[in-house]
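Taken together, the values in this text are just the output of simple stated rules run on the coordinates, not laboratory data. This structure is a prediction, so every number in the text was calculated from the model and none was measured. Please note: Cβ atoms are built from the backbone with ideal geometry, for glycine as well, and neighbour counts cover all protein chains shown.
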Amino acid sequence: MVKKPGKSKTHNLLDKFAFFAKNRIIRLKIKIQTDRIKGGDKKREEQDIKFLEFCKGEQMIKKVAAICFVVLITLSTTACAGIGFKGGLNFTKWTGDDWSDADEFDWKMGYKIGAFFTFPATPILTVQPEIYFTTKGWKAEGEILGETVTMTTSMNYIEIPVLLKLNMDTGMSFKPTIFGGPYVGFLMGDPTLKVEVGGESAEEDYPSDIFNSTDIGGVIGAGVDFDLGMSTASFEARFNFGLTSVSDNDQEDIKNMGFSILGGFSF
């Protein structure tokens, strides 16, 4: 990853990631040599890592559950035509003038899962607020300090889109749909940077205070709804584009970008 020439900023997010990655690689190379000499206790290390991941996961679940509970209670007090659940795969990367060329990065695969509510506006238009737990980030492979390195950044968000959905009646049991609208996302916890080098890997939290805690953007997409009688099955593809920087420095042009393939049911 190489920063594009041009604007120079004291707090450049790309420079911070590069510095962090190089230090992590040096530490990994030292660990590899130490393990070879001493035969490090990998089993104990794996147990410690699993325990820490369990603790982090439990805290995250509590936060997500609290937010979802508040949203569900609020919407349940409003008359709506239906409620549904949706989930699927998410593919994301970063883009922007202050980030390295997006073509140098691979799509990071993650997931998106949540609920949605439908409010008919007209016979063919529906207002559809949604709430998701979703993973974003990027993945890249390159050479640093003479080693082939794979780096993956993962960020967890609670994402709330509000979509306007056009339902095209075909006179049959399926309806093509197109939709679009804004979304707001809230960063949950510290992002992680995973570095893989020389057959070893390490993952650490990256301080969340260098990131923007709010991600605002837009959604466009299309799909198909199938009438199953008592319920409706839906399949769709959507594209998300960030409008605000992921960096705490709003002057840095670094934004989230991604697409999702989702399926769900509504009642």
(request) Quick one: dipole size for the stretch 150-241, taken about the Cα centre, charges +1 on Lys/Arg Cβ and -1 on Asp/Glu Cβ, in debye to the nearest 20. (result) 540
(request) Find out how many positive minus negative residues lie around GLY242, taking Lys and Arg as positive, Asp and Glu as negative, among other residues whose Cβ is under 12 Å from that of GLY242. (result) 0
(message) Under the rule a/c < 1.5 gives rounded, and otherwise a/b versus b/c splits prolate from oblate, where does the stretch 156-212 land using the Cα gyration tensor?
(response) oblate
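Just want the ordering: TRP99, TRP107, from fewest to most Cβ atoms lying within 10 Å of their own Cβ. Walk me through the numbers before you get to the answer.
Details: TRP99 26, TRP107 15.
Least crowded to most crowded, the residues run TRP107, TRP99.
Give me D for the stretch 207-267 in µm² s⁻¹, whole number, from Stokes-Einstein with Rh from the Kirkwood sum over alpha-carbon pairs, 37 °C and 0.692 mPa s. All intermediate terms of the calculation are to be shown ahead of the outcome.
Values: Rh = 13.7 Å.
After rounding, the answer is 239 µm²/s.
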(request) Just name one of ASN212, ALA202, PRO182: the one whose Cα is farthest towards the positive end of the charge dipole of the stretch 180-227 (beta-carbon charges, Lys/Arg +1, Asp/Glu -1). (result) PRO182
(message) Using Cβ contacts closer than 10 Å as the measure, can you line up PHE117, PHE186 from fewest to most?
(response) PHE186, PHE117
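Are any of the pairs LYS112/LYS255; LYS86/LYS194; LYS86/LYS112 more than 20 Å apart by Cα-Cα distance, and if so, which? Please report the intermediate quantities before stating the final value.
On the way: LYS112/LYS255 18 Å; LYS86/LYS194 28 Å; LYS86/LYS112 8 Å.
Result: LYS86/LYS194 exceed 20 Å.
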(request) Can you check what the net charge comes to around MET172, using other residues whose Cβ is under 13 Å from the Cβ of MET172 (Lys, Arg +1; Asp, Glu -1)? (result) -2
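Pop out the Kirkwood hydrodynamic radius of the stretch 112-267 from its pairwise C-alpha distances, inverse of mean 1/r, in Å to one decimal. Don't jump to the answer; show the numbers that get you there.
Working: mean 1/r = 0.0568 Å⁻¹.
After inverting the mean inverse Cα-Cα distance, the result is 17.6 Å.
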